[in-house]
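Working notes for the structure below.
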Amino acid sequence: MKLLRRGDSDNSDKRDVEVIESTAETSSDESGTPDVTGASTPGKGRPTPKRREAEAKKRGPVAPAPLTSKEARARRKANRGDKQERKAAAAERRAESANRRARMLAGDEKYLLPRDKGPVRAYARDLVDSRRNLVGLFMPLALVLIMAMFLSPIIQNYVTLAMLVMMLFMAGEGYFLGRMINNKVRERFPDSVDGGFKLGWYAFVRASQIRKMRAPAPRVKPGDAV
């Protein structure tokens with residue numbers, strides 16, 4: 001038992017000596033070498049301004065909100081400029097709008113509506129414009145029939161029958177027109193995915209419009225080869 005106790009005491013003394021030596025080495029290292037982590041670059045002393053604040057400083061001070069409706073109207077009027085400037089701006093907008101419409105009617109691809117863009121739609125328009133479509137009489141005949149509805153009941157009955165016949169005729173011609181357009185488009189553009197019911201409906205709607213009201217304007221005359 002004494003030997004064991006003596007051995008334990010010896011081991012504890014050795015551990016105590018090792019702890020003391022390591023503590024002394026750590027203190028000497030801390031006193032001898034500078035603290036790298038403690039050294040840092042001194043800050044600016046103020047937070048970095050946000051981008052919105054910097055842009056606001058560049059633009060200058062913001063005007064206070066108007067207190068009355070009269071002041072608000074006066075400020076809007078001042079921002080719009082004088083009468084001559086407003087007239088010049090309005091004339092410029094009208095000229096730009098007329099220019100865009102003229103280019104659209106001429107078939108300029110840049111100014112066309114999304115439904116009219118592409119060589120397939122242009123070819124379909126040419127096919128429709130090169131034919132004399134009886135379905136194009138729908139709009140004027142519809143106006144005549146609507147006016148006839150205000151006449152005697154007997155005439156109204158005939159008008160109703162005529163409208164039904166016209167609807168059947170339009171459906172039949174639209175079907176054959178759509179098939180014809182789709183067949184010719186597949187021959188001219190075999191790799192095109194534009195076709196089917198959408199292309200047939202597009203051709204039917206254009207054929208039902210009065211020729212002078214079609215947009216883009218027709219490029220071919222009736223009877224021309226396409």
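The values are calculated or read from the model by the stated rules, or taken from the named source; none is laboratory data. Computed from a predicted structure; not experimentally measured. Cβ placement follows ideal geometry from the backbone for every residue including glycine, while neighbour counts extend to all protein chains displayed. Ligands, DNA and RNA are excluded from the accessible area calculation, which covers all protein heavy atoms including side chains. Shrake-Rupley method; radii C 1.70, N 1.55, O 1.52, S 1.80 Å.
To keep it simple, each residue is scored yes or no on (1) open to solvent by 70 Å² or more (accessible area, probe 1.4 Å); (2) under 31 Å from the mean Cα position of the chain (by Cα); (3) more than 16 Å from Leu134 (Cα to Cα); (4) without any contact (Cβ under 8 Å) to a residue 12 or more places away in the chain.
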| position | (1), (2), (3), (4) |
| --- | --- |
| Ile154 | yes, no, yes, yes |
| Tyr158 | yes, no, yes, yes |
| Ala162 | no, no, no, no |
| Met166 | no, no, no, no |
| Arg179 | yes, no, yes, no |
| Asn183 | no, no, yes, yes |
| Phe189 | no, yes, yes, no |
| Leu199 | no, yes, yes, no |
| Ala203 | no, yes, no, no |
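Look through Arg131, Arg121 and report the one residue that is at pLDDT 80 or above and open to solvent by 90 Å² or more (accessible area, probe 1.4 Å).
Numbers: Arg121 fails: open to solvent by 90 Å² or more (accessible area, probe 1.4 Å).
Arg131 is the lone residue from the list that is at pLDDT 80 or above and open to solvent by 90 Å² or more (accessible area, probe 1.4 Å).
Between residues in segment 84-100 that are without any contact (Cβ under 8 Å) to a residue 60 or more places away in the chain and residues that are assigned to a helix (DSSP H, G or I) and surrounded by 10 or more Cβ atoms within 10 Å (Cβ to Cβ), which pairs lie under 9 Å by C-beta distance while being six or more apart or on different chains?
Taking only residues 6 or more apart or on different chains, the pairs are Arg86/Arg80; Ala89/Arg80; Asn99/Tyr111; Arg100/Tyr111.
For every residue, the table says whether it meets (1) in a helix (DSSP H, G or I); (2) under 30 Å from Arg103 (Cβ atoms); (3) polar (S, T, N, Q); (4) touching a Lys or Arg at 6+ places or on another chain (Cβ under 6 Å).
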| site | (1), (2), (3), (4) |
| --- | --- |
| Ala122 | yes, yes, no, no |
| Gly136 | yes, yes, no, no |
| Met139 | yes, yes, no, no |
| Leu143 | yes, no, no, no |
| Ile146 | yes, no, no, no |
| Phe150 | no, no, no, no |
| Ile154 | yes, no, no, no |
| Ala162 | yes, no, no, no |
| Met167 | yes, no, no, no |
